[in-house]
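What follows is one structure encoded as structure tokens, with my remarks underneath.
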Amino acid sequence: MRFGHHEHGNAVVLVIGFLLLLIGLGGGGFFVYQTKLQKQQGPTKAALPHVNLTQDVIRFSFNTLPALYNNMLEIEREIALIHTELARLETLSSEYPQQKSIVHAEKVLWEKTLKDLFSVLQQIEKTIEPIYVAYSVNREKGEELMAANTPDLLSAAEEVIAAAKTETARIQIEAPKTFMQKLKAKLKK
């Protein structure tokens, strides 16, 4: 009887040892992914759907011109908000066709803001791609182009973002209500 108990103890020790080994390997793999592989991937094109640049140029802007990259992300956020608002206005226009003139005036404002955002994105695209190519061919030449063009691009991007934010700040995007919030609202009635 004692012999069987000892074999069972060895099996438990082996299983626990195997589990600890798996945990250690999993943790080591996660650490390598977080510290090495994830940093190499950098930003993805999906984060900038309205930017017509290659993945290499986007990664270059992320690594070399982080302020400009962040401005492109901010412009994308503003574009998304405006698209949402335009869709909401379109719904209002179809629900209340006799009030189209009210909705139309608001849509014109949003479309102008959207046009300004896209204009700056295009300006960034036209400037950053030659900087990337010059930097890839001759680093000094690329750095000269960066120094000459980046301040104007940053300024234009910051201006258009500030103007867009004054408009999008008034958009009230209502978060979906939770079950408890809906229940409380019904009980108050």
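The values are calculated or read from the model by the stated rules, or taken from the named source; none is laboratory data. No experiment lies behind these values; they were computed from the predicted model shown. Methodologically, a virtual Cβ is constructed for each residue, glycine included, from the backbone with ideal geometry; neighbour enumeration extends over all protein chains shown.
In the range 149-172, which residues are closer than 16 Å to residue 66 by Cβ, of a type outside the set (A, V, I, L, M, F, W, C) and surrounded by 17 or more Cβ atoms within 10 Å (Cβ to Cβ)?
Passing the criteria: 149, 150.
If you take the residues of the range 70-105 that are surrounded by fewer than 13 Cβ atoms within 10 Å (Cβ to Cβ) and of a type in the set (Gly, Ala, Ser), which of them is nearest to residue 44 (Cα to Cα)?
Applying the filter and picking the extreme gives 87.
Tell me, yes or no, whether the range 45-60 has at least one residue that is modelled with pLDDT under 90 and more than 25 Å from residue 155 (Cβ to Cβ).
Yes; the residues of the range 45-60 include at least one that is modelled with pLDDT under 90 and more than 25 Å from residue 155 (Cβ to Cβ).
For every residue, the table says whether it meets (1) under 19 Å from the mean Cα position of the chain (by Cα); (2) basic (Lys, Arg); (3) part of a helix (DSSP H, G or I).
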{"position": "62", "(1), (2), (3)": "yes, no, yes"}
{"position": "70", "(1), (2), (3)": "yes, no, yes"}
{"position": "74", "(1), (2), (3)": "yes, no, yes"}
{"position": "78", "(1), (2), (3)": "yes, no, yes"}
{"position": "83", "(1), (2), (3)": "yes, no, yes"}
{"position": "99", "(1), (2), (3)": "no, no, yes"}
{"position": "106", "(1), (2), (3)": "no, no, yes"}
{"position": "109", "(1), (2), (3)": "no, no, yes"}
{"position": "115", "(1), (2), (3)": "no, yes, yes"}
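Inspect the range 94-112 for any residue being in contact with an Asp or Glu (Cβ under 7 Å, 6 or more places away or on another chain), of a type in the set (Phe, Trp, Tyr) and assigned by TED's automatic domain parsing to the domain that holds residue 161 and give the result as yes or no.
yes
Out of (1) farther than 18 Å from residue 47 by Cα; (2) in a helix (DSSP H, G or I), the odd one out for residue 171 is which?
Residue 171 satisfies all of (1) farther than 18 Å from residue 47 by Cα; (2) in a helix (DSSP H, G or I) except (2).
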